[in-house]
Amino acid sequence: MDVNTEELQMMEQMTPHNIAQACGGILHCREYQEDAAYREVTCVETDSRNAVPGCLFAAIKGTRVDGHRFIRDVFAKGALCVLTERELTEADLPEGVADSFCWIQVRSTLEALKHIARFYLQTLGIPAVGIAGSVGKTSTKEMVASVLSQKYRVLSTQGNFNNELGVPLTIFRLNRTHEIAVLEMGISDFGEMHRLSEIVHPDTVVMTNIGDCHLENLGDRDGVLRAKSEIFDFLQPEGHIILNGNDEKLVQIREVNGIRPVFYGVPGAYAELSVCAKEISGCGLDGTDVWIETPQGSFSCHVPMPGEHMVMNALAAAAAGLTYGLTPDQIRNGIESYKGVSGRFHLIHAGERIIIDDCYNANPMSMKASLRILGDADGYRTAILGDMAELGEREEQMHREVGAFAVQCGIQRLITIGERGRWILEGADAELSREQQDTMTLRHYDSVDDFLLCAGEETGFPCNILIKASHFMNFSRIVEALAGDTDQR
């Protein structure tokens, strides 16, 4: 494919010379190509198939593919520079390529990318909003971006690019036209958030909640709080902290390096709220009407996605909007403009069925939140639930509690899939009263394939269908099978 190099956006000050200095690498240029060291790269790529003229290609050793195998190919495509963990030989260099090119040798490509991303973000001088928490990071990130985009040019994390590779790759998408970066920051162990914070140096931290996630590594909710709080290690001195005041763990954070948090929430919070939702009126699966009170004024607002957790996301976004000088009208417009994210309580209308695609990931907290919303839906309510991962020693109990909660929410058909999913079914069965045994249907399947063989029988009638499990269960196959070519929103 031919690429017009004049249309490619240069990355400010991202020359091989500066990149090598930022990551402590050794820069190599052929004697007659030394000018290449001072040209700005067009983009940073880790997939050789996406290499374009002038790019920096980072060769990463993956579990299945080693990016170093494709260095010759990316040079042939016009890459300006390659980040490599080994010395290059003549076999890596293309013949007959007139354009200048060079390479930077580093000990670890992944570590180098972190240092380069930090350098680039600091070079641009763009404030970064870091989104952290156990549940709701992605939807909160999208809500914050929707609000801030009413005044600023915003770039936010795409998909699940929230780890130690994804965050740098998101930062590399920034350019001088952007005014704010909204970055999702996800972890599963101690030390990871410290390293992410060192890359981002957030100006503002938004923390959604502290739940029972990654307990195999973090132990308990206090461990989760400690791990998430590493985000403050590199908070800017004049930064801002926005926290969920209804979370009993987060309200323990009263001050960080002289910075006092702003708390948001609903009545009954554990802290004094600066941004509060009142007069909350659910509209079923169509969302929630709410009255939002802020120090800059109060306003009515329609949150277009259902559930109290979405109201909380809207409040977090309102607090972020106030931090960056938005008016109440701008904040309202941003909230009401929010669009759902595939895999995160995304509604799909399939004839007389409404499919709730919430299959991207799951933990006990998010499972219960989604079941609560399904329980408020009009019509027949079906939940298709699967295994939850990384719950540690209490995983069986937590799965059983989800099953019991499904009964309490009035779910009429519970379908469970997977080895751990059976515990959900057993928890529901134990919770059923004698009267409920005649009104609730329980089914279990060992695998997604087994369920799909019977999907028509289980869901082929007017109903609301929640689909949720941890990502490794690949429940997106169920969504695709049930939804087909349908209207999505």
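The values are calculated or read from the model by the stated rules, or taken from the named source; none is laboratory data. On a predicted model such as this, the values are computed, not experimentally measured, just so you know. Using ideal geometry, Cβ is built from the backbone for each residue, glycine included, and neighbour counts are taken over all protein chains shown.
The rows are residues; the columns are (1) of a type in the set (Gly, Ala, Ser); (2) out of contact with any strand residue (DSSP E or B) (no Cβ under 7 Å at 6 or more places or on another chain); (3) surrounded by fewer than 21 Cβ atoms within 10 Å (Cβ to Cβ); (4) not assigned by TED's automatic domain parsing to the domain that holds THR459.
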| site | (1), (2), (3), (4) |
| --- | --- |
| VAL341 | no, yes, yes, yes |
| ALA350 | yes, yes, yes, no |
| ILE355 | no, no, no, no |
| TYR360 | no, no, no, no |
| PRO364 | no, yes, no, no |
| ILE373 | no, yes, no, no |
| GLY379 | yes, no, yes, no |
**Asked** Any idea how many residues of segment 101-131 are buried (at least 18 other Cβ atoms within 10 Å of the Cβ) and among the small types (Gly, Ala, Ser)?
**Response** 4
**Message:** SER470 - would you say it is out of contact with any Gly (no Cβ under 6 Å at 6 or more places or on another chain) and surrounded by fewer than 19 Cβ atoms within 10 Å (Cβ to Cβ)?
**Reply:** no
**Request:** Determine whether GLU216 is touching a residue at least 60 places away in the same chain (Cβ under 8 Å) and surrounded by fewer than 21 Cβ atoms within 10 Å (Cβ to Cβ).
**Result:** yes
**Subset of segment 130-168 [in a helix (DSSP H, G or I) and aliphatic (A, V, I, L, M)]** = MET143, VAL144, ALA145, VAL147, LEU148, VAL167
**Message:** Given the criteria modelled with pLDDT under 95 and either in a loop (DSSP other than H, G, I, E, B) or not assigned by TED's automatic domain parsing to the domain that holds MET365 (or both), does ARG176 qualify?
**Reply:** yes
**Message:** Quick check on this structure: which one of ARG221, ARG195 is at pLDDT 95 or above, buried (at least 16 other Cβ atoms within 10 Å of the Cβ) and charged (D, E, K, R)?
**Reply:** ARG195
**Fill in**
Over segment 239-280, the set of residues without any contact (Cβ under 8 Å) to a residue 24 or more places away in the chain and of a type outside the set (Val, Ile, Thr) is GLU248, ARG254, GLU255, GLY258, ARG260, PRO261, PHE263, PRO267, GLY268, LYS278, GLU279
**Message:** If the requirement is being modelled with pLDDT of 95 or more and under 29 Å from LEU225 (Cβ atoms), which of these qualifies: GLN122, GLN105?
**Reply:** GLN122
**Request:** For segment 302-311, indicate whether the set of residues that are at pLDDT 95 or above, on the phi < 0 side of the Ramachandran plot, surrounded by 19 or more Cβ atoms within 10 Å (Cβ to Cβ) and not aliphatic (A, V, I, L, M) is non-empty.
**Result:** no
**Prompt:** Going by the conditions given, is GLU308 touching a residue at least 12 places away in the same chain (Cβ under 8 Å) and over 19 Å from SER370 (Cβ atoms)?
**Reply:** no
**Complete:** Across segment 440-467, the tally of residues that are buried (at least 20 other Cβ atoms within 10 Å of the Cβ) and farther than 17 Å from ILE411 by Cβ stands at 1
**Request:** Evaluate segment 27-34: report whether one residue or more is within 14 Å of PHE101 (Cβ to Cβ), modelled with pLDDT of 90 or more and among the aromatic types (Phe, Trp, Tyr).
**Result:** no
**Request:** Could you list all residues from segment 35-84 that are out of contact with any strand residue (DSSP E or B) (no Cβ under 6 Å at 6 or more places or on another chain), touching a residue at least 12 places away in the same chain (Cβ under 8 Å) and assigned to a helix (DSSP H, G or I)?
**Result:** ASP35, TYR38, SER48, GLY67, HIS68, PHE70, ARG72, ASP73, PHE75, ALA76
**Asked** Within segment 134-148, can you find the residues that are over 30 Å from CYS23 (Cβ atoms) and either not aliphatic (A, V, I, L, M) or not assigned by TED's automatic domain parsing to the domain that holds ASP189 (or both)?
**Response** SER134, GLY136, SER139, THR140, GLU142, SER146
**Complete:** When every residue in segment 425-449 that is more than 14 Å from ALA404 (Cα to Cα) and without any contact (Cβ under 8 Å) to a residue 12 or more places away in the chain is compared, the one nearest to the chain's Cα centre (by Cα) is ASP449
